[in-house]
Amino acid sequence: MKTAFLALSCATLLATGPALAGAMDLTVAEAVVIDAEGNELGTLSLTQTEEGVTIAGVLDGIPEGMHGFHYHETGVCDPATGFESAGGHLAPRGNQHGFEDPEGPHAGDMYNQAANADGQMDLNVNNDMVSLLDGEEGNLLDEDGSAVMIHANADDYSTDPGGDSGARIACGVIEPTEI
């Protein structure tokens, strides 16, 4: 009886699996974050959800305090350029910077993130203005890619173009991953 039930359960799962998978294309990516000296600080995981993209993970070696946290428009993190190689904030609609700007925010704007006294930043942030899916506005995996950026200071959520968040202190190129 148990064998028959198990076989029926497996057959049902196999038959509905493709339909369930088609209902939501689960797309994932990751970003290995480095500091201005090129030292690896940790890896962040990005997952496409029905509500946008969730980025999560733990970084070590971030100065204590609040930091601007954004998606940048180009997937290049060259420490020799102070990470200027990543371009500006991702803004496919041409919006201004900041949640407090009536013409904002950029798609790449996210809320400030805190690093504790041990230099650890624990991230779990959803952004509904970006996507990992091909052809969607705000696609983080387009032809020139995208990067996640951590700034030296907190973002003021209004000053265009970068929220007066200071130097770029950590950067990670967003790369698709296999699931």
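With ASP160, ASP164, ASP156 as the choices, which residue is touching a Ser or Thr at 6+ places or on another chain (Cβ under 9 Å), open to solvent by 10 Å² or more (accessible area, probe 1.4 Å) and closer than 17 Å to GLY87 by Cα? Outline the logic, then answer.
Numbers: ASP160 fails: touching a Ser or Thr at 6+ places or on another chain (Cβ under 9 Å); ASP156 fails: closer than 17 Å to GLY87 by Cα.
Being touching a Ser or Thr at 6+ places or on another chain (Cβ under 9 Å), open to solvent by 10 Å² or more (accessible area, probe 1.4 Å) and closer than 17 Å to GLY87 by Cα holds for just one of ASP160, ASP164, ASP156, which is ASP164.
Residues in region 139-158: is at least one of a type in the set (Gly, Ala, Ser) and in contact with a helix residue (DSSP H, G or I) (Cβ under 7 Å, 6 or more places away or on another chain)?
Scanning region 139-158 turns up at least one residue that is of a type in the set (Gly, Ala, Ser) and in contact with a helix residue (DSSP H, G or I) (Cβ under 7 Å, 6 or more places away or on another chain).
Within region 128-150, which residues are open to solvent by less than 70 Å² (accessible area, probe 1.4 Å), farther than 23 Å from ASP35 by Cα and under 13 Å from the mean Cα position of the chain (by Cα)? Lay out the reasoning, then the answer.
Of all residues in region 128-150, those open to solvent by less than 70 Å² (accessible area, probe 1.4 Å) come to 129-133, 138-142, 145-150.
Filter once more, so that each one left must be farther than 23 Å from ASP35 by Cα: 129-133, 138-139, 142.
Residues satisfying the conditions are MET129, VAL130, SER131, LEU132, GLY138, ASN139.
So GLY98 fits all but one of (1) modelled with pLDDT of 95 or more; (2) touching a Gly at 6+ places or on another chain (Cβ under 7 Å); (3) part of a loop (DSSP other than H, G, I, E, B); what number is the exception?
Among (1) modelled with pLDDT of 95 or more; (2) touching a Gly at 6+ places or on another chain (Cβ under 7 Å); (3) part of a loop (DSSP other than H, G, I, E, B), GLY98 violates only (1).
Which residue pairs have Cβ atoms closer than 8 Å, lie 6 or more positions apart in sequence or on different chains, and pair a first residue in region 165-179 that is part of a loop (DSSP other than H, G, I, E, B) with a second residue that is buried (at least 24 other Cβ atoms within 10 Å of the Cβ) and of a type in the set (Asp, Glu)?
SER165/ASP155
Please work out which residue is farthest from THR47 (Cα to Cα), limiting yourself to region 104-126 and to residues that are of a type in the set (Gly, Ala, Ser) and outside any strand (DSSP E or B). Quick ask: steps written out before the conclusion?
Narrowing region 104-126 to residues of a type in the set (Gly, Ala, Ser): 104, 107-108, 114-115, 117, 119.
Among the residues that remain, those that are also outside any strand (DSSP E or B) are: 104, 107-108, 117, 119.
On the way: GLY104: 24, ALA107: 16, GLY108: 16, ALA117: 28, GLY119: 25 Å.
Applying the filter and picking the extreme gives ALA117.
If you take the residues of region 167-179 that are exposed (fewer than 15 other Cβ atoms within 10 Å of the Cβ) and aliphatic (A, V, I, L, M), which of them is nearest to the chain's Cα centre (by Cα)?
Per the criteria, the residue is ILE179.
Having 2 or more residues that are open to solvent by 60 Å² or more (accessible area, probe 1.4 Å), modelled with pLDDT of 90 or more and more than 22 Å from MET129 (Cα to Cα) is the bar; report the strands (runs of 3 or more DSSP E) wholly within region 1-92 that clear it. Walk me through how you get there before you give the answer.
Numbers: elements: 28-35, 40-49, 52-60, 65-72.
Counting at least 2 such residues, we get 52-60.
Can you run down the residue pairs with Cβ atoms below 8 Å, 6 or more apart or on separate chains, where the first is in region 68-94 and over 8 Å from MET149 (Cβ atoms) and the partner is among the basic types (Lys, Arg) and at pLDDT 95 or above?
Qualifying pairs under 8 Å: GLY82/ARG168; GLU84/ARG168.
The values are calculated or read from the model by the stated rules, or taken from the named source; none is laboratory data. Model, not experiment: these values are computed from the prediction. Virtual Cβ from ideal backbone geometry, glycine too; neighbours counted across all protein chains shown. The accessibility values were calculated without ligands, DNA or RNA, using every heavy atom of the protein model including side chains. Shrake-Rupley method; radii C 1.70, N 1.55, O 1.52, S 1.80 Å.
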